[in-house]
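Undergrad: Please see the structure below; I have some questions.
Please treat every number below as a calculation from the coordinates, not as lab data. Treat the numbers as computed from the prediction; the structure is a model and nothing was measured. All Cβ positions, even for glycine, are placed from backbone atoms using ideal geometry, and neighbour counts span all protein chains on display.
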Amino acid sequence: MSSTATAQQTKWWNGGRSPFNLEYGKLMMWYFLMSDAFTFGAFLISYGTIRFSQNFWPDPNVVFNAFPGTGHTNLPLAFVSLMTFILIASSVTMVLAVHEGHRSNRAGVMKWMLWTILGGIAFLSCQAWEWHHLITGEHGVFVDGKIELASQTMGGNPWGRHVDPAVVQQALTVSSHETLVHLAHEYPKEGTTVALDALEKMPNDQLTGIINLEHAHIREKGPIAFGGYFFGITGFHGFHVFSGVIINIIMLTMTAKGVFDRRGHYLMIEKAGLYWHFVDLVWVFVFLCFYLV
Amino acid sequence: MEHQAIASEVTFHHHVPGSENVRRIIKTFWLLSIITIIELGMGFTIYFIHKNPDFSHGLVLGIKGAIVILSLAKAFYIVSIFMHLGDEIRNMIMTIVVPLMLFIWFIAAFLWDGNSYKNLRNNYDKHFQERTTEKKGGH
Amino acid sequence: MSNDANMHGHAGVITHHEVHYDEHHVHHHKETFITKYVFSQDHKTIGKQFLITGIIWAIIGGLFSVLFRLQLGFPEQTFPILETFFGKWAKGGVIQPEFYYALVTIHGTVLVFFVLTAGLSGTFANLLIPLQIGARDMASPFLNMLSYWFFFIASVIMFSSLFVHTGPASGGWTSYPPLSALHQAGQGSKIGMDLWLVSMAMFIVSSLLGGLNYIATILNMRTKGMSMTRMPLTMWAILFTAILGVLSFPVLLSGAILLLFDRNLGTSFYLSDIYVAGQILPNEGGSAILFQHLFWFFGHPEVYIILLPAMGMVSEILSVNSRKPIFGYMAMVGSLFAICILAFLVWAHHMFVTGLNPFLGAFFVLLTLLIAVPSAIKVFNWLTTLWRGNIRFTPATLFAIGFVSLFISGGLTGLFLGNSTIDIHLHDTKFVVAHFHIVMGVASMFGMFAGIYQWFPKMFGRFLNHTLGYIHFWVTMVGAYLIFWPMHYEGLAGVPRRYLDLRDWHSFNKFDDLNKMITVVSIIVFAVQLMFVFNFFYSIFKGRKVRTQNPWGSNTLEWTTPINPGHGNWPGEIPEVHRWAYDYAKDGREFIPQAEPVGANESKDH
């Protein structure tokens, strides 16, 4: 068709038409996403600034090494890979929905929108599990000469510097009974699986003998800002995914009601699509900054 | 297909032929997946390098740099193919890409000052340095 | 999102290349009082809403400055009437320290955000964009309406914070942590600070909704023939203002969200090694400088968000009223563009004394001083526009010339402060107060006044009273210089800002009379602003009626609409544009409107 010829000859900036050959709604969506990119950019750059101002930063391979249903098996980055693929896949289904929209194929749009929504919900579920795992998973932390239990929260970080095994051995002798029970229960030496109530009745020195220090990875407290940024930024991203799912559900309902067929175009699907892809795009950088480097 | 005007300000509509478009989308999907897998592989490499107590910081930095470049490639494909920016006219591409250049100085200055803050504290607060620097042979 | 699509959705098929603007607004039903004056989607009404809300805030913000000036000028005196009004905040008729800091903080916040951002660009972007580019309304009138109402919500929250038990935010308009991050740091760091942050978040949403609309409208909705380089400079200025806002406000949003987290969720983004109120805090590893970086990455563009619309309007007003084409149109556009870019690159010049890496600081010095180039270009072009012009000294012209004067005076002191070595001496002194009040505060106010006097006839179909206008101008002009000029000397002598009482500092006693003079002048200037407010509201109802469509003999499109344009602006077709906006004194004609086709024998453009 003659599009390319038109593109070259048109005086785009002379008024009476869009210089971008776009209707205003899509243009505003693009500019909104640009400003949102600066919101996320500011978050991630702040994270980078704090990280650059620290001598020590936790290794993501150590922090994110769990997978649902596998206990303490060391699977670095496996779960977040799954999350990433879910999001990429949902981006593909979204772009297919937009494609069907171009062809005004209502059934096609609905099918792919449904898959996109499911992908979004799956991603959010994964994120919920990961947050839950980090917040509730208690680790032994070396504080003031003894071992305490701590999890990854907004105000604390158990992924600090390694502690010398000899120091850990010494610290265990002065640590509380509850801490030792927890460690012995979670990280028993091979062949010494003991029931929890039995552990609770054991004396401290016997508990110490059961704990597998290789697995327990006793560390110092790490940089506090790690948790704040992790929950803050993935939370803000998750909020975007959530609102994207809501928008997609609204779009699906409108499609089902035939609103776009009556309007003669599926422009709203395109705009929702832009938003959804942006969420995927942000994840590329969240994934990069928190999990990979 | 019949031209349906979306809005009066739009001069022409471009349509990528159906099957070709789908093929392109699927191709991009595989591309993104492969890049992600390569990135993960590099992430694991860092993990194993870290296991060695005297690992080369330069090597780790190099791998991290490569991961950043790969991520930018992913971003390019998402914006260009999935968000169809590559199909828009040049004016549109420029109006999106040019403002993003601001990120260069944004990132450089912030990280530079973050690093400088660390050096200041290490110089003037030896307690901070001693408390937070990884001891030799830590891993 | 769906609503505006409905509004603009076309049922019929339109062949492209043809502009059927008149179809846009056929769906309007009978307007009730609510849809016409309250939840209006008409850009002109929204502009007036922004303006009137801005005026109310300006009165509050101005009054606050008078109150703290009383303290600075007459620290030994008691004012029992203050206790009558403010109770414990002015115990014994003396302004208490917490009250003083609350006054300063709210004065800054209100003037910067609510008056000079919303009140200035909100008003004139809304009023002028569709009128000057030839559009029926904004791209999305619905989002435009939301933009005002988010501003309204922000206003209500900020206003309510004035009445909470512990008082409003008191950490300065920049609200640096840790002062702003810790509830126990002071009265003003309690609930008032949370309300301040939430209000700011609402305000950011408002600015973004507005800014996106302004950009999309200017770029996408220009009438036929209105190429970018035919636009009046007001439009260019507002376009760049909106771009600045859309790219910088999100960064403030991020900074504010992190601050809210630090305040209420126990995170450590900005906090480290703190001992406060007898307590060692567990927060560790954050950086207070990070907040300053985030704040000023937004804050410096914000300065230009305030200034650029004033520059644009001044350019237009000077050209119209000196009956001459603007001098160096493309240079004006180019310098606006350069300022817009540089605005994003210089933020850390506010932070030279924070412990910023001095080597990095050197880059910021260089980039900062570069701003002098486009600024000087603009000043020269304004002066050459006036040069040998047939100047009509209307109040608008006077205020525009006053703007140029203030911009020169305030801009030159910017060169002092942009050099880190001098800034180390001048930082946090009255010199800084004088600099930014002249160049950004008063100058932009002058731009705003110029705009109001110039476009009041378009807004309300009546003129403002010019006699009151002349009094308003001369008192404000002389007053502004009397207030701020001496502060330079105080600052050079080392008088710090943010101190409510300098009596113990004996070397500064010599400024006592000067400080009294400044306070007296500021009261007079404030009273004259109230006179302007009276003029404004009186003239809406009783002002001299506009009898002709184009009272200023102006070229731009807004004067081709009826005297009181309805929603949709032009009753018939939107006029097509055939020339740039500045064909004044050409071919022996006083002015040639943009909509007039180019004649056969017309001489070539510039």
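Undergrad: Is any helix in chain A, taking whole DSSP H runs, at least 15 angstrom long along its axis by alpha carbon and on average at least 0.0 on the Kyte-Doolittle scale, and which ones?
TA: Qualifying helices: A:24-52, A:78-102, A:106-136, A:225-256, A:267-286.
Undergrad: Determine the calculated [θ] at 222 nm for chain A from helices alone, applying -39500 (n - 2.57) to every DSSP H run no shorter than 4 residues and normalising by the residue count; nearest 500 deg cm²/dmol.
TA: After summing the helix terms and dividing by residue count, I get -21000 deg cm²/dmol.
Undergrad: How large is the dipole of chain C about the Cα centre if only Lys and Arg carry +1 and Asp and Glu carry -1, each at its Cβ, rounded to the nearest 20 debye?
TA: The calculation lands at about 1300 debye.
Undergrad: If you don't mind, there's one more thing I want to ask. Could you work out how far the C-alpha centroid of region C:45-99 sits from that of region C:283-308, in angstrom?
TA: Centre-to-centre distance over Cα atoms comes out at 27 Å.
Undergrad: Would you work out which of C:ALA169, C:PHE337, C:LEU290 lies farthest towards the positive end of the dipole of chain C, given +1 charges on the beta-carbon of Lys and Arg and -1 on that of Asp and Glu, about the Cα centre?
TA: Going by the charge dipole, the pick is C:PHE337.
Undergrad: Within 10 Å of each candidate Cβ there may be at most 10 other Cβ atoms; applying that plus a DSSP loop requirement, which trypsin sites (Lys or Arg not before Pro) in region C:67-156 survive?
TA: Passing sites in region C:67-156 do not exist.
Undergrad: Take peptide B:73-80, look around each residue's Cβ out to 10 angstrom, count Cβ atoms belonging to other protein chains, and average those counts.
TA: Mean partner shielding for this stretch: 4.
Undergrad: Hey, another quick one. For the protein assembly as shown, what is the charge dipole size about the Cα centre, in debye to the nearest 20, if Lys and Arg each add +1 at the Cβ and Asp and Glu each add -1 at the Cβ?
TA: I would put it at about 2500 debye.
Undergrad: Nothing charged except the Cβ atoms of Lys and Arg (+1) and of Asp and Glu (-1): what's the magnitude of the dipole of region A:144-293 about its Cα centre? Round to the nearest 20 debye.
TA: The dipole magnitude comes to about 840 debye.
Undergrad: Just name one of A:VAL63, A:THR84, A:ILE50: the one whose Cα is farthest towards the positive end of the charge dipole of region A:1-156 (beta-carbon charges, Lys/Arg +1, Asp/Glu -1).
TA: The Cα lying farthest towards the positive end belongs to A:THR84.
Undergrad: Among A:TRP13, A:TRP30, A:TRP283, determine the one that fluctuates most according to a GNM of chain A built with springs between C-alpha atoms less than 10 Å apart.
TA: Looking only at A:TRP13, A:TRP30, A:TRP283, the largest GNM fluctuation is found for A:TRP13.
Undergrad: Shifting gears a bit: What are the DSSP H helices in chain C that stretch 20 Å or more along their long axis, judged by alpha-carbon atoms, and whose average Kyte-Doolittle hydropathy comes to at least -0.5?
TA: Answer set is C:43-73, C:141-161, C:191-220, C:233-264, C:288-321, C:329-343, C:372-386, C:395-418, C:443-460, C:466-492, C:512-542.
Undergrad: For the protein assembly as shown, state the semi-axes of the equivalent ellipsoid (square roots of 5 times the eigenvalues of the alpha-carbon gyration tensor), sorted largest first and rounded to whole angstrom.
TA: Three semi-axes, in Å: 52, 40, 24.
Undergrad: In whole angstrom, note down how far apart the Cα centers of region A:42-96 and region C:235-263 are.
TA: 28 Å
Undergrad: State the antiparallel share, in %, of DSSP beta bridges confined to the protein assembly as shown, rounding to the nearest 5.
TA: DSSP beta bridges in the protein assembly as shown are roughly 95 percent antiparallel.
Undergrad: 222 nm [θ] for chain B, helices only, -39500 (n - 2.57) per DSSP H run of 4+, per residue, to 500?
TA: -23500 deg cm²/dmol, from helical runs alone.
Undergrad: Show that you can apply the helix-only estimate: for chain C, add -39,500 (n - 2.57) for every DSSP H stretch of four or more residues, divide by all residues, and state [θ] at 222 nm to the nearest 500.
TA: -19500 deg cm²/dmol
Undergrad: Only counting other Cβ atoms within 10 Å, I'd like C:SER227, C:SER268 sorted with the fewest neighbours first.
TA: Fewest-to-most Cβ neighbours within 10 Å comes out as C:SER227, C:SER268.
Undergrad: Right, here's the next one. Expressed as a whole number of Å, what is the distance separating the alpha-carbon centroids of region C:420-490 and region B:49-73?
TA: Cα centres, region B:49-73 to region C:420-490: 55 Å.
Undergrad: Where does each of C:488-495, C:192-199 land if you order them by average Cβ count within 10 Å, highest first?
TA: C:192-199, C:488-495
Undergrad: Related question: Counting other Cβ atoms within 10 Å, which trypsin sites (Lys or Arg not before Pro) in region C:349-409 have at most 12 and lie in a DSSP loop?
TA: The qualifying sites are C:ARG388.
Undergrad: Give me a single rounded figure for C:224-233: the average over its residues of other chain Cβ atoms within 10 Å of their Cβ.
TA: Across C:224-233, the average partner-chain Cβ count within 10 Å equals 3.
Undergrad: Another question about this same structure. Per residue of A:52-65, count partner chain C-beta atoms within 10 Å of its C-beta, then hand back the mean as an integer.
TA: Per residue, the average neighbour count from other chains is 5.
Undergrad: Check each of the trypsin sites (Lys or Arg not before Pro) in region C:502-540 and keep only those in coil by DSSP with at most 15 other C-beta atoms within 10 angstrom; list them in order.
TA: Listed in order of number, the matching sites are C:ARG503.
Undergrad: Among B:ASN21, B:MET42, B:GLY86, whose Cα sits farthest toward the positive end of the charge dipole of region B:1-89 (+1 at Cβ of Lys/Arg, -1 at Cβ of Asp/Glu, about the Cα centre)?
TA: B:MET42
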